[in-house]
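Okay, structure first, notes after.
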Amino acid sequence: MRTKYIAGNWKMNMDRAGAVDLSKALVSELKGLDGSFMIAPPFVYLDAVASVIKGSNIRLGAQNAASTENGAHTGEVSVAMLKDIGVQSVILGHSERRDAQNESDKLINEKILAVLNGGLEVVLCIGEQYSQRIAGATEEVCGKQVRGCLKGLTPEQMKNVVIAYEPVWAIGTGKTATPEEANAVHKFVRGVLAEMFGNETAENTKILYGGSMNDGNAEALLAQPDIDGGLIGGASLKADKFSAICRFSVK
Ligand code: 13P
């Protein structure tokens, strides 16, 4: 039986004081809630946020990690460094990085293996562009991303992988997939996982929805059988909105 998981991707937002204030507010809002929650601040505020959420029911996430272990990689941050400061989960394959940093499924696959080898959780983002959706290519695009990014993983490693379906046209636009549209893609992705890793892994893997999820639409999205939580951008920057979504996930 899959339980729900709500994760906040703060992207490139906040300053140090804001990051501390938001995480303090979330610790207090989510106190005592029996659910799974994660927040992913920018790298430079991870340490500050780690101190605030230590001992709470909120996991610490990073928004990226290097595929290599160490060495001459200017500007990169390794999995070991993230572990060192208390990071438990890493978001990989976000469409903003696939687009702006040209990240390929092959590179994302290497990063996933690095994160899993380091013993951390992966939140793998997949999703189609609007032009691909209207061309009827959603399943083809998402299937290819899942197969490419999870290539060579074992069912055992998959226990530490969460997938986030984020249709690119729904990110930051206020447009969401309807609960039924989103659920259909989640179901398709679960079928791909079954082909790759078997039914047990497919049934146990959490598939989150992301793309303009907020406190107004979360309840209906989370009610769908194959939607196991949310990866929230804009609405994760406000303690009241993010905690409202978290509360729907434990109902
Ligand atoms: P929004 O919730 O702002 O649409 O962002 C979703 C997202 O990209 C989370 O990773």
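Here are the numbers:
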read-out	value
Near pairs, Cβ below 6 angstrom, 6+ apart or cross-chain, from the range 173-196 (among the hydrophobic types (A, V, I, L, M, F, W, C)) to any residue that is surrounded by fewer than 20 Cβ atoms within 10 Å (Cβ to Cβ) and modelled with pLDDT of 95 or more	Phe188/Glu139; Val192/Gly143; Leu193/Ala202; Ala194/Ala202
Residues located in the range 27-42, provided they are within 16 Å of the ligand (Cβ to nearest atom) and either part of a helix (DSSP H, G or I) or in contact with an Asp or Glu (Cβ under 9 Å, 6 or more places away or on another chain) (or both)	Met38
Cross-chain or 6+ apart pairs with Cβ under 8 Å, the range 1-24 first and more than 26 Å from Tyr209 (Cβ to Cβ) and in contact (Cβ under 8 Å) with a residue 24 or more places away in the chain, then surrounded by 14 or more Cβ atoms within 10 Å (Cβ to Cβ) and of a type in the set (Gly, Ala, Ser)	Arg16/Ala48; Val20/Ala48
From Lys83, Lys106, residue being more than 17 Å from Pro41 (Cβ to Cβ), out of contact with any strand residue (DSSP E or B) (no Cβ under 8 Å at 6 or more places or on another chain) and more than 16 Å from the ligand (Cβ to nearest atom)	Lys106
Selected residue (only one of Leu22, Leu60 is in a strand (DSSP E or B) and surrounded by 15 or more Cβ atoms within 10 Å (Cβ to Cβ))	Leu60
Evaluation of Ala220 against (1) more than 14 Å from the ligand (Cβ to nearest atom); (2) in contact (Cβ under 8 Å) with a residue 60 or more places away in the chain; (3) open to solvent by 20 Å² or more (accessible area, probe 1.4 Å) (one fails), failing number	(2)
Among (1) open to solvent by less than 10 Å² (accessible area, probe 1.4 Å); (2) at pLDDT 95 or above; (3) within 14 Å of the ligand (Cβ to nearest atom); (4) more than 21 Å from Glu121 (Cβ to Cβ), the one test that Leu237 misses	(1)
Filter result (surrounded by fewer than 22 Cβ atoms within 10 Å (Cβ to Cβ) and more than 9 Å from the ligand (Cβ to nearest atom)) within the range 206-217	Lys206, Asp215, Gly216, Asn217
Search result, residues across the range 5-19 that are open to solvent by 30 Å² or more (accessible area, probe 1.4 Å) and either in contact with a Lys or Arg (Cβ under 7 Å, 6 or more places away or on another chain) or more than 16 Å from the ligand (Cβ to nearest atom) (or both)	Asp15, Arg16, Ala17
Helices (runs of 4 or more DSSP H) contained entirely in the range 75-156, each with at least 2 residues that are surrounded by 18 or more Cβ atoms within 10 Å (Cβ to Cβ) and within 17 Å of the chain's Cα centre (by Cα)	79-84, 95-100, 105-117, 138-149
Qualifying residue in the range 66-81 (condition: in contact with a His (Cβ under 7 Å, 6 or more places away or on another chain) and in contact (Cβ under 8 Å) with a residue 24 or more places away in the chain)	yes
Matching option when the condition is at negative phi, modelled with pLDDT of 95 or more and within 11 Å of the ligand (Cβ to nearest atom), among Ile227, Ile245	Ile245
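The values are calculated or read from the model by the stated rules, or taken from the named source; none is laboratory data. All of these numbers come straight from a predicted model, not from anything done at the bench. Because the Cβ atoms are built from the backbone with ideal geometry, glycine has one as well, and the counts that use them run over all protein chains shown. Note: areas computed on protein heavy atoms with side chains; ligands, DNA, RNA excluded. Shrake-Rupley method; radii C 1.70, N 1.55, O 1.52, S 1.80 Å.
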